Amino acid sequence: AYPKFVKVVEVSPRDGLQNEKTWVPTETKINLINKLSDSGLRVVEATSFVSEKAIPQMKDNSEVLAGIIRKEGISYPVLVPNIKGMESALKQNVKEIAVFGAASEAFTQKNIKCSIEESLKRFEDVIAIAKRESIKVRGYVSCVMGCPYEGEIDPRLVNTVAQKLLDMGCYEISLGDTIGIGTPDKTYEMLQAVKIDRSILAAHFHNTYNRAIQNLVIALSEGISIVDSSVAGIGGCPYAKGASGNVPTEDILFLCELLGIEHGVDIPKLIEVGDYISTELKRENLARVKIADLEN
Ligand code: HMG
Ligand code: MG
């Protein structure tokens, strides 16, 4: 059975923009977040506190957080890889962070320049500070359906990394199909291996091969009720060659409507936000659902 309600975690200001080669003005990032906040979304991942050499597009993280209107009832998590990032995030008074690991040694090395084991040690230090400051921590596991460097990934390793993040104190675990190579069968198989309560698992599926929606139908029918997505399908990870954007939020909401799942988001408003950021980035809006579809 499908869940009654889906919580959408909007990741476009971070995952959607981090790979943009042309500089996106801070004001555009702030506008994007504020517009998303006005559409009924409950979680808007705002930026990341990572090395600016690694991800130049996120170097205005502090200005972005200082510039947005933080609405009551909305969470604005930020990515934090290490203590240094945590210290900068604390100065901006963040209430939620996300640590990001992977079920692939090679991807972990490329992405955050350490082994899986070392990454977990770093997260432990970050989470210790978060606990002291009463900051919520979300945990990502990348490459859950395959790795751009290693190819096939053993779903049992996905479970191991996810379980460790949970034991450390993450309140939610987001399963990332980083390069969008999942299939419905793989999605099912991977979820069978992950022995974690469905209510705290999120599906973070990139849409490289246009299969994210099919895979999400499997995830939803397996009891997952949290979905990460980006308006207009913008984005991609710079350490995942060929990976395109996240599944478009508009299409997730439309899927929810079709399946009779509540989501609490104003779809026409969100479609306008997708048009806004596509125009700003001079990119095609990859969402399939348009205003006209809603009138049929
Ligand atoms: P490193 O080179 O090992 O770090 O990188 P280091 O400690 O040796 O420091 C190197 C330099 O970076 C130093 O500066 C540090 O000060 C600086 P320098 O002395 O050379 O001028 N530095 C920092 N600056 C700002 N904020 C920080 C920070 N830490 C060090 N927090 C590190 C290790 C993790 C820092 C680096 O590799 C990094 O920042 N990686 C981030 C990569 C990233 O953001 N990837 C995209 C997000 S993950 C993703 O998209 C997947 C996801 O969407 C899920 C999915 O789709 O599967 C989440
Ligand atoms: Mg991602």
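The values are calculated or read from the model by the stated rules, or taken from the named source; none is laboratory data. Bear in mind the structure is a predicted one, so any value in this text is a computation, not a measurement. Cβ sites come from the backbone with ideal geometry, for glycine too, and all protein chains shown count toward neighbours.
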Might you let me know whether the range 177-184 holds any residue that is within 17 Å of the chain's Cα centre (by Cα), under 15 Å from GLY139 (Cβ atoms) and free of Cβ contacts under 8 Å to residues at least 60 places away in the same chain?
no
Can you go through CYS147, CYS143 and tell me which one is touching a Ser or Thr at 6+ places or on another chain (Cβ under 8 Å), within 16 Å of ligand 2 (Cβ to nearest atom) and on the phi > 0 side of the Ramachandran plot?
CYS143
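For the range 150-192, how many residues meet the condition of being small (Gly, Ala, Ser), under 20 Å from GLU117 (Cβ atoms) and away from ligand 1 (no atom under 14 Å from the Cβ)?
Here the count works out to 1.
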Would you be able to tell me the number of residues in the range 58-84 that are touching a residue at least 40 places away in the same chain (Cβ under 8 Å) and farther than 22 Å from PRO25 by Cβ?
6
How many residues does the range 3-21 contain that are farther than 22 Å from TYR140 by Cα and either in contact with a strand residue (DSSP E or B) (Cβ under 7 Å, 6 or more places away or on another chain) or touching a residue at least 12 places away in the same chain (Cβ under 8 Å) (or both)?
1
Suppose we filter GLN92, GLN109 for residues that are at negative phi, without any contact (Cβ under 8 Å) to a residue 12 or more places away in the chain and either touching a Ser or Thr at 6+ places or on another chain (Cβ under 8 Å) or within 16 Å of ligand 2 (Cβ to nearest atom) (or both); which single one remains?
GLN109
Test each condition in (1) modelled with pLDDT of 95 or more; (2) in a loop (DSSP other than H, G, I, E, B) for TYR209 and report the one that comes out false.
(1)
Suppose we keep only residues that are among the basic types (Lys, Arg) and over 16 Å from the mean Cα position of the chain (by Cα) within the range 32-61. Which one would you say is nearest to ligand 1 (Cβ to nearest atom)?
LYS53
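Given the criteria within 15 Å of ligand 1 (Cβ to nearest atom), at pLDDT below 95 and crowded, with 17+ Cβ neighbours inside 10 Å, does ASN19 qualify?
Values: within 15 Å of ligand 1 (Cβ to nearest atom): yes; at pLDDT below 95: yes; crowded, with 17+ Cβ neighbours inside 10 Å: yes.
In short, yes.
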Could you list, in sequence order, all residues of the range 48-79 that are more than 21 Å from LYS21 (Cβ to Cβ), surrounded by 15 or more Cβ atoms within 10 Å (Cβ to Cβ) and of a type in the set (Val, Ile, Thr)?
ILE68, ILE74, VAL78
Only residues that are surrounded by fewer than 16 Cβ atoms within 10 Å (Cβ to Cβ) and among the hydroxyl-bearing types (Ser, Thr, Tyr): list them for the range 189-208, please.
SER199
Quick check on the range 124-147. Is at least one of its residues surrounded by fewer than 24 Cβ atoms within 10 Å (Cβ to Cβ) and more than 25 Å from SER75 (Cβ to Cβ)?
yes
Mind checking which residues of the range 215-229 are more than 16 Å from ligand 2 (Cβ to nearest atom), polar (S, T, N, Q) and over 15 Å from ILE173 (Cα atoms)?
SER221
Among SER174, SER119, which is the only one that is small (Gly, Ala, Ser), touching a strand residue (DSSP E or B) at 6+ places or on another chain (Cβ under 8 Å) and closer than 19 Å to ASP15 by Cα?
SER174
Name the pairs whose Cβ atoms lie under 8 Å apart, with the first residue in the range 192-220 and over 19 Å from ALA1 (Cβ atoms) and basic (Lys, Arg), the second modelled with pLDDT of 95 or more and surrounded by fewer than 18 Cβ atoms within 10 Å (Cβ to Cβ), and 6 or more positions between them or separate chains?
LYS195/GLN163; ARG211/THR183; ARG211/PRO184
So is LEU32 away from ligand 2 (no atom under 15 Å from the Cβ) and part of a helix (DSSP H, G or I) or not?
yes
Can you confirm whether the range 84-99 contains a residue that is surrounded by fewer than 22 Cβ atoms within 10 Å (Cβ to Cβ) and more than 25 Å from VAL44 (Cα to Cα)?
no
